[in-house]
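What follows is calculated from the coordinates using simple rules that are stated; it is not laboratory data. Everything quoted here is computed from the prediction, not taken from an experiment. Heads up, the Cβs are rebuilt from the backbone with ideal geometry, glycines too, and the neighbour counts pull from every protein chain shown.
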Amino acid sequence: MILSDKRILEEIEKGTIVISPYDRKFLGTNSYDVHLGKYLATYKDRVLDARKHNEISHFEIPEEGFTLQPNTLYLGVTLEYTETHAHVPFLEGKSSTGRLGIDIHATAGKGDVGFCNTWTLEISCAQPVRIYAGMPIGQLIYFAVEGDVETLYNKKGDAKYNGRTVRPVESMMWKNVF
């Protein structure tokens, strides 16, 4: 079950959903719009290796915007820091973003109960497109959880993305044993 706008507001009041900064005008019927933060990153190497730490270079989006290029993976970050203590958050693209040919995640649209951070975006584009810090980039929807959660994400000792950040975070796949 997806939470409605009224239910999202109730959960914000209870503190089970935290969005910062929060502005009521970005609350939709059953979602909350999030915005692109001011930092992007690209991987330093063109060929990535799942068993190695692939380093990234961060840069700030200039005031005049930045033109994304096809065939390049950009890591972005949401302006909003979120906490979700009793629901499963999903980050989806906005139709207006998609109609510009921008994808905001390759596979990582679902968060976990207990996720407390900004969202790293895996941005790609179909054709060159200029983007700007602060532009609407996606929307969070929240699903109710059935049953008790044994371990919240922010309490897991092996959680790879718990460190609070305002910059995009590279893949931590290399920390897995395979």
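Consider all pairwise Cα distances in the chain and report the whole-number % of them above 24 Å.
Working: 5994 of 15753 pairs.
Beyond 24 Å sits 38 percent of the P(r) for the chain.
Residue by residue through the stretch 169-178, which ³J(HN,Hα) values in whole Hz follow from phi under the Karplus form 6.51 cos²θ - 1.76 cosθ + 1.60 (θ = phi - 60°), with glycine and proline marked x?
10, 5, 5, 10, 3, 4, 7, 6, 9, 7
Taking R0 as 30 Å, what's the FRET efficiency between His58 and Lys6 from their Cβ-Cβ distance, rounded to 0.05?
That gives a FRET efficiency of 0.20.
Going by amide H atoms built from the backbone, whose H comes under 5 Å of the H on Val77, apart from near neighbours?
Under 5 Å from the amide H of Val77: Gly37, Tyr39, Leu121.
Please work out how much length the chain gains when fully extended from Leu73 to Asp112, using 0.36 nm per residue of separation minus the C-alpha to C-alpha distance, in nm with one decimal. Before the final figure, lay out each step's value.
Working: separation 39, 0.36 × 39 = 14.04 nm, distance 2.37 nm.
Contour length minus Cα-Cα distance gives 11.7 nm.
What are the ³J(HN,Hα) couplings of the stretch 45-60, residue after residue, when phi is run through the Karplus curve with 6.51, -1.76, 1.60 and θ = phi - 60°? Round to Hz, x for glycine and proline.
9, 6, 9, 9, 10, 4, 8, 10, 6, 8, 7, 10, 10, 8, 8, 8
Take Phe178, Phe66, Phe59 and order them by how many other Cβ atoms sit within 10 Å, fewest up front. Could you put the intermediate results ahead of the total?
On the way: Phe178 6, Phe66 17, Phe59 14.
Going from least to most buried by this count: Phe178, Phe59, Phe66.
Whole-Hz ³J(HN,Hα) for each residue in the stretch 16-22, computed from phi via Karplus 6.51 cos²θ - 1.76 cosθ + 1.60 with θ = phi - 60°, x for glycine and proline: what do you get?
Computed from phi, the couplings for the stretch 16-22 are 7, 10, 10, 9, 9, x, 10 Hz.
Normalised radius of gyration for the stretch 10-81, please: alpha carbon Rg relative to 2.2 N^0.38 Å, two decimal places.
Details: Rg = 16.6 Å, N = 72, 2.2 N^0.38 = 11.2 Å.
Normalised by 2.2 N^0.38 Å, the Cα Rg of the stretch 10-81 equals 1.48.
Counting other Cβ atoms within 10 Å, which GluC sites (Glu not before Pro) in the stretch 1-73 have at most 15 and lie in a DSSP loop?
Values: sites: Glu10, Glu11, Glu13, Glu55, Glu60, Glu63, Glu64; in loops: Glu55, Glu63, Glu64.
Of the GluC sites (Glu not before Pro), the ones in loops of the stretch 1-73 whose Cβ has at most 15 other Cβ atoms within 10 Å are Glu55, Glu63, Glu64.
Can you tell me, using C-alpha contacts under 8 Å and at least 6 residues apart, the relative contact order of the stretch 5-171 as a whole percent? Write out the running numbers ahead of the final one.
On the way: 365 pairs, mean separation 50.1, N = 167.
Rounded, it is 30 percent for the stretch 5-171.
Show me the GluC sites (Glu not before Pro) within the stretch 128-178 that DSSP assigns to loop and that have at most 13 other Cβ atoms within 10 Å of their Cβ.
Numbers: sites: Glu146, Glu150, Glu170; in loops: Glu146, Glu150, Glu170.
When the GluC sites (Glu not before Pro) of the stretch 128-178 are filtered for loop state and at most 13 Cβ neighbours within 10 Å, Glu146, Glu150 remain.
Going 7 Å from the Cα of Val145 toward and past its Cβ, which residues in the stretch 108-134 have a backbone nitrogen under 13 Å from where you end up?
Within reach of a label on Val145, which here means backbone N under 13 Å from a point 7 Å along Cα→Cβ, the stretch 108-134 contributes 111-116.
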